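Below is one structure, written out as structure tokens; the observations come after it.
The values are calculated or read from the model by the stated rules, or taken from the named source; none is laboratory data. The model shown is predicted, which means the values in this text are computed figures rather than measured ones. When we count neighbours, we look across all protein chains shown, and the Cβ atoms used for this are built from the backbone with ideal geometry, even at glycine. In case anyone asks, the SASA skips ligands and DNA or RNA and just uses the protein heavy atoms, side chains included. Shrake-Rupley method; radii C 1.70, N 1.55, O 1.52, S 1.80 Å.
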Amino acid sequence: MRVLQIGADRSKRGILYPESDGYKRQSAYAAQFGNLDIIGFSRASDGASESKTEHLHIIPTNSSSPLMYVFDAVRIAKTLPKPDVVSAQDPFEAGLAAWYIADKLKVPLHIQIHTDFLAPQFRTLSMINDIRVQIARFVVPRASGVRVVSQWVNNSLTARYHLSAHVSVLPIFIDVARFKNAVVPTEMNTRFSRFSKRVLVVSRLEREKNVELAIKAFALAAPTDACLIIVGDGSQRAMLEAQAQAHLAGRVFFEGEQDPAPYYKVANLLLAPSFFEGYGMVVVEALAAGIPVLSTDIGIARESGAIITSHADFAHSIEKWFKDGPFEGTLQHYPYESFDQYVKAYCDDIASTLTGNVK
């Protein structure tokens, strides 16, 4: 079968970069399908290039602005062979482009939902998010199949919509062995050895990730011989660095966008203070590495074995952890025994739309 996918992940861990885990997953899907064409939203400044192998063809939109993503995706789709099904990586701009293409070609539409867009905080964070909720309200009911990444999102979705399409709960695959067996470079161990406890945040530095709360709570609750390590980048970095300098000079380390695997091994606790998540990859990664996670009640945090707290109690929960632990984390209820098992489940889910009625 031939699948056309519309994606919006522009990060360096995303589908547009051949060395990324995201790209490797797409290659595995493509081999299973036979043919997978991917149109990836991108800015011309990203420097992403078209790539093609026997089964996989990835075309970045190289758009002049985000306003052109949907138009450019539709334009590129017209140059590609007709697919059997169109799948979108989100129900927003990618979903809108996928719906239009599927509708014109009279093929099934498959929508993937990776974030809890029905969380109250989602739409209040920005005007664009409010618009995205309206787009999703239009797109999701028109899908022949819907994939969500956690039961949490499924509960939100089914409570709001009465969908005729099948909704599958298909968590994201994470190579848990890679995080379990990660090795800490000697230089990294040396850098942080003077601190008795090392607390970690792995996150995009954007408003919805609420890293500001992690810094404030750490400043209030952590002993003076503990440090906070922040792995990730984003539009809030300068503001967060100023906040850390004002309250925790010399005890907060901004590492930028890095492979988080060794950081999990050097840390004693991961903080996940997000306002909302569809899944929460870092929670699974950290627990797989054996460190505990203190998280708000988001995505798969509770079912995976994280310590659950509220935003209001975040500082108190950090203080309690320093006194009582637990000082080891255990990943619970992870569904996949192998990558091949996940790939088959993913591809079977998209293929199942062919047996339904086109909306």
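With in contact with a Gly (Cβ under 7 Å, 6 or more places away or on another chain), within 22 Å of Ser164 (Cβ to Cβ) and aliphatic (A, V, I, L, M) as the only criterion, which of Ile101, Ile113 stands out?
On inspection, the qualifying residue turns out to be Ile113.
Those residues that are open to solvent by 50 Å² or more (accessible area, probe 1.4 Å), farther than 22 Å from Ser11 by Cα and charged (D, E, K, R), I need them from the range 175-217; list them, please.
Lys180, Glu187, Arg191, Arg194, Lys197, Lys216
Tell me, which helices (runs of 4 or more DSSP H) wholly within the range 251-359 include 3 or more residues that are at pLDDT 95 or above and open to solvent by less than 10 Å² (accessible area, probe 1.4 Å)? Talk me through it step by step, then tell me what you get.
Numbers: elements: 261-266, 281-289, 301-304, 314-324, 339-351.
Here the list reads 261-266, 281-289, 314-324, 339-351.
Within the range 154-171, identify whether any single residue is touching a Pro at 6+ places or on another chain (Cβ under 7 Å), outside any loop (DSSP other than H, G, I, E, B) and within 29 Å of Tyr23 (Cα to Cα), and answer yes or no. Steps first, please.
Looking only at the range 154-171, we keep the residues that are touching a Pro at 6+ places or on another chain (Cβ under 7 Å), and these are 161, 163, 171.
Going one step further and asking which of them are outside any loop (DSSP other than H, G, I, E, B), we end up with none.
Scanning the range 154-171 turns up no residue that is touching a Pro at 6+ places or on another chain (Cβ under 7 Å), outside any loop (DSSP other than H, G, I, E, B) and within 29 Å of Tyr23 (Cα to Cα).
Would a scan of the range 152-170 turn up a residue that is touching a Cys at 6+ places or on another chain (Cβ under 6 Å) and either modelled with pLDDT of 95 or more or not hydroxyl-bearing (Ser, Thr, Tyr) (or both)? If you could, list the steps in order and put the result at the bottom.
We begin by selecting, within the range 152-170, every residue touching a Cys at 6+ places or on another chain (Cβ under 6 Å); these are none.
Within the range 152-170 (the criterion being touching a Cys at 6+ places or on another chain (Cβ under 6 Å) and either modelled with pLDDT of 95 or more or not hydroxyl-bearing (Ser, Thr, Tyr) (or both)), the answer is no, since none of the residues qualifies.
Of these, Asp130, Asp116, which one is touching a helix residue (DSSP H, G or I) at 6+ places or on another chain (Cβ under 6 Å) and buried (at least 22 other Cβ atoms within 10 Å of the Cβ)?
Values: Asp130 fails: buried (at least 22 other Cβ atoms within 10 Å of the Cβ).
None of the others qualify; the one that does is Asp116.
Since Ser87 meets every condition but one in (1) modelled with pLDDT of 95 or more; (2) loosely packed, with under 15 Cβ neighbours inside 10 Å, which condition does it not meet?
(2)
Can you find a residue that is β-branched (Val, Ile, Thr) and in contact with a strand residue (DSSP E or B) (Cβ under 9 Å, 6 or more places away or on another chain) anywhere in the range 219-228? I'd like the intermediate steps shown before the answer.
Going residue by residue through the range 219-228, those that are β-branched (Val, Ile, Thr) are 224.
Narrowing the set further to residues that are in contact with a strand residue (DSSP E or B) (Cβ under 9 Å, 6 or more places away or on another chain) leaves none.
Checking the range 219-228: not a single residue is β-branched (Val, Ile, Thr) and in contact with a strand residue (DSSP E or B) (Cβ under 9 Å, 6 or more places away or on another chain).
Take the range 29-48 and flag every residue that is surrounded by fewer than 23 Cβ atoms within 10 Å (Cβ to Cβ) and either within 21 Å of Glu257 (Cα to Cα) or at pLDDT below 95 (or both).
Arg43, Ala44, Ser45, Asp46, Gly47, Ala48
Among the numbered criteria (1) out of contact with any Lys or Arg (no Cβ under 6 Å at 6 or more places or on another chain); (2) part of a loop (DSSP other than H, G, I, E, B); (3) closer than 30 Å to Tyr29 by Cβ, which single criterion is violated by Gly234?
The number of the failed condition is (1).
So Phe179 ticks every box in (1) modelled with pLDDT of 95 or more; (2) assigned to a loop (DSSP other than H, G, I, E, B) but one. Which box is left unticked?
(2)
Which members of the range 87-113 meet the condition of being in a loop (DSSP other than H, G, I, E, B) and of a type in the set (Val, Ile, Thr)? Working first, answer last.
Our first condition is that a residue be in a loop (DSSP other than H, G, I, E, B); within the range 87-113, this holds for 89-92, 106-108.
Matches in the range 87-113: Val107 only.
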